[in-house]
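The block underneath contains the structure these notes are about, expressed in structure tokens.
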Amino acid sequence: MEIQALPVPPTNTQVDGWWAVLVAASAADLPQLPAPTRLEVAGRLCVAPARGRAALWAADGGQGVAGLLLFTDEANRHTAFLDVLTVRPDARRQGVGTALWERVREELLAQGRTSVGTIADLGGPGQAFAESLGFENVLPMAWYTQDVPPGPAGPGPGQSAVPATPGYELRSWHGLVHDDWADAVARAHGAMEDAPMGDVDEKIESWTAERLHAAHRLILDRGGELTTVAAVTAAGEVAAYTELVLPDPGGARALQYDTVVVPAHRGHGLGRAVKLRMRELAARRYPALRQIATTVADENTPMRTVNEALGYRRERAAAYYQLKL
């Protein structure tokens with residue numbers, strides 16, 4: 001079996017082959033979810049990541065694919081993230097996944113990496129394969145989803161309107177956060193440092209306005225859309241914010257990225273307020289949008305409580321798996 005290293009960016013034909021593998025695997029493993037679109041897949045393959053260097057491989061005959069992110073920031077040069085290792089359902093149990101993993105492992109060792117992480121759904125083929133290689137569950141989590149009702153924007157059945165936030169103003173930015181607020185949003189991101197991380201080997205670096213814009217620009221360059229909603233004070237501080245990403249602006253499913261409430265401003269309902277305003281804006285802007293999905297660590301009880309109050313429901317269990325090399 002031949003495993004081919006792909007160029008970054010790959011050719012259109014190689015993108016098509018990669019997309020076909022993911023669509024086939026999605027239909028078998030997660031039939032309840034929309035399949036990834038070509039725009040989404042091409043964006044991830046063809047636009048270089050902001051935090052590192054991508055390495056891509058494909059098995060001959062379009063049987064499987066693997067993608068690795070090698071971090072280049074100083075704090076994480078020892079580790080990497082296995083973004084995808086997927087085999088077509090009709091090619092499984094024939095050594096394709098193992099052959100792809102061997103190429104990934106060779107690259108990790110050649111680059112001096114001492115660990116690698118990945119995210120796998122529990123109970124699925126990804127968990128079984130990861131555990132067979134020696135990966136360990138270091139951060140249990142789950143996917144949660146909430147519905148976005150069709151029709152005019154506004155609260156759906158059983159959903160609440162955006163609450164008042166005395167002492168705070170709700171601001172939103174579609175695309176990049178405006179330059180005059182980027183530093184404040186980056187500072188607020190520091191509140192993520194107290195989020196549960198289990199034994200994940202990846203280190204959280206301090207954010208700057210430049211790093212914030214680089215992360216957001218990557219989403220846009222890959223063909224997606226991004227909206228940030230923040231609760232701000234009269235003194236110019238960002239007390240809370242949340243981000244919504246549509247990998248494909250025409251898709252039916254969006255991803256809630258970071259939601260942050262700065263410790264000094266907790267207890268005022270700001271997490272709930274920014275998420276509700278986000279849903280309101282998304283319903284207006286994206287008529288095809290039907291679901292918002294997010295992941296939350298099992299240990300993060302406060303965020304799970306907020307999400308439950310907003311109508312999020314547990315969709316499926318997952319975990320961050322890690323292997324020490």
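The figures follow:
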{"quantity": "Options A231, A283, A264, A215: the member that is outside the structural domain of L30 (by TED's automatic domain parsing) and not in a helix (DSSP H, G or I)", "calculated": "A231"}
{"quantity": "Within the range 300-325, tally of residues that are under 29 Å from P125 (Cβ atoms) and touching a strand residue (DSSP E or B) at 6+ places or on another chain (Cβ under 8 Å)", "calculated": "17"}
{"quantity": "In the range 159-205, residue modelled with the highest pLDDT [restricted to those that are touching a helix residue (DSSP H, G or I) at 6+ places or on another chain (Cβ under 9 Å), assigned to a helix (DSSP H, G or I) and loosely packed, with under 15 Cβ neighbours inside 10 Å]", "calculated": "D179"}
{"quantity": "Where a residue in the range 131-149 is under 25 Å from T301 (Cβ atoms) and its partner, wherever it lies, is assigned to a strand (DSSP E or B) and among the aromatic types (F, W, Y), with Cβ under 8 Å and at least six apart", "calculated": "E136/Y321; N137/Y320; N137/Y321; V138/Y320; V138/Y321; L139/Y320; M141/Y320"}
{"quantity": "Answer residue from the range 234-246, given it is small (G, A, S) and in a loop (DSSP other than H, G, I, E, B) and is nearest to the chain's Cα centre (by Cα) among those", "calculated": "G236"}
{"quantity": "All positions within the range 228-279 that are over 18 Å from D180 (Cβ atoms) and hydroxyl-bearing (S, T, Y)", "calculated": "T242, Y257, T259"}
{"quantity": "Subset of the range 132-151 that is over 23 Å from N76 (Cα atoms) and surrounded by 14 or more Cβ atoms within 10 Å (Cβ to Cβ) - its residue that is farthest from the chain's Cα centre (by Cα)", "calculated": "P149"}
{"quantity": "Unmet requirement for G251, which otherwise passes all of (1) part of a loop (DSSP other than H, G, I, E, B); (2) over 30 Å from V41 (Cα atoms)", "calculated": "(2)"}
{"quantity": "Cβ pairs under 9 Å, 6+ apart, first in the range 101-130 and farther than 17 Å from G67 by Cα and modelled with pLDDT of 95 or more, second assigned to a loop (DSSP other than H, G, I, E, B) and hydroxyl-bearing (S, T, Y)", "calculated": "T114/T79"}
{"quantity": "Out of T208, T305, T259, T242, sole residue that is buried (at least 21 other Cβ atoms within 10 Å of the Cβ), at pLDDT below 95, within 27 Å of E169 (Cβ to Cβ) and of a type in the set (S, T, Y)", "calculated": "T259"}
{"quantity": "Residues of the range 105-127 classified as under 19 Å from V21 (Cα atoms), surrounded by fewer than 20 Cβ atoms within 10 Å (Cβ to Cβ) and of a type in the set (A, V, I, L, M, F, W, C), total", "calculated": "1"}
{"quantity": "Residues that are surrounded by 15 or more Cβ atoms within 10 Å (Cβ to Cβ), in a loop (DSSP other than H, G, I, E, B) and under 23 Å from the mean Cα position of the chain (by Cα), drawn from the range 71-104", "calculated": "R77, H78, T79, R88"}
{"quantity": "Members of the range 288-299 found to be within 24 Å of G269 (Cβ to Cβ), assigned to a loop (DSSP other than H, G, I, E, B) and in contact with a strand residue (DSSP E or B) (Cβ under 7 Å, 6 or more places away or on another chain), listed by number", "calculated": "D298"}
{"quantity": "Filter result (under 19 Å from R313 (Cα atoms) and either among the polar types (S, T, N, Q) or assigned to a helix (DSSP H, G or I) (or both)) within the range 117-148", "calculated": "T145, Q146"}
{"quantity": "Top-ranked residue in the range 294-319 [being out of contact with any Lys or Arg (no Cβ under 6 Å at 6 or more places or on another chain) and of a type in the set (A, V, I, L, M, F, W, C); ranked as nearest to V229 (Cα to Cα)]", "calculated": "M303"}
{"quantity": "Qualifying residue in the range 10-22 (condition: touching a residue at least 40 places away in the same chain (Cβ under 8 Å), touching a strand residue (DSSP E or B) at 6+ places or on another chain (Cβ under 8 Å) and under 22 Å from E202 (Cβ atoms))", "calculated": "no"}
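The values are calculated or read from the model by the stated rules, or taken from the named source; none is laboratory data. Predicted, not measured: the structure shown is a model, and the values here were computed from it. Backbone-built Cβ (ideal geometry, glycine too); neighbour counts: all protein chains shown.
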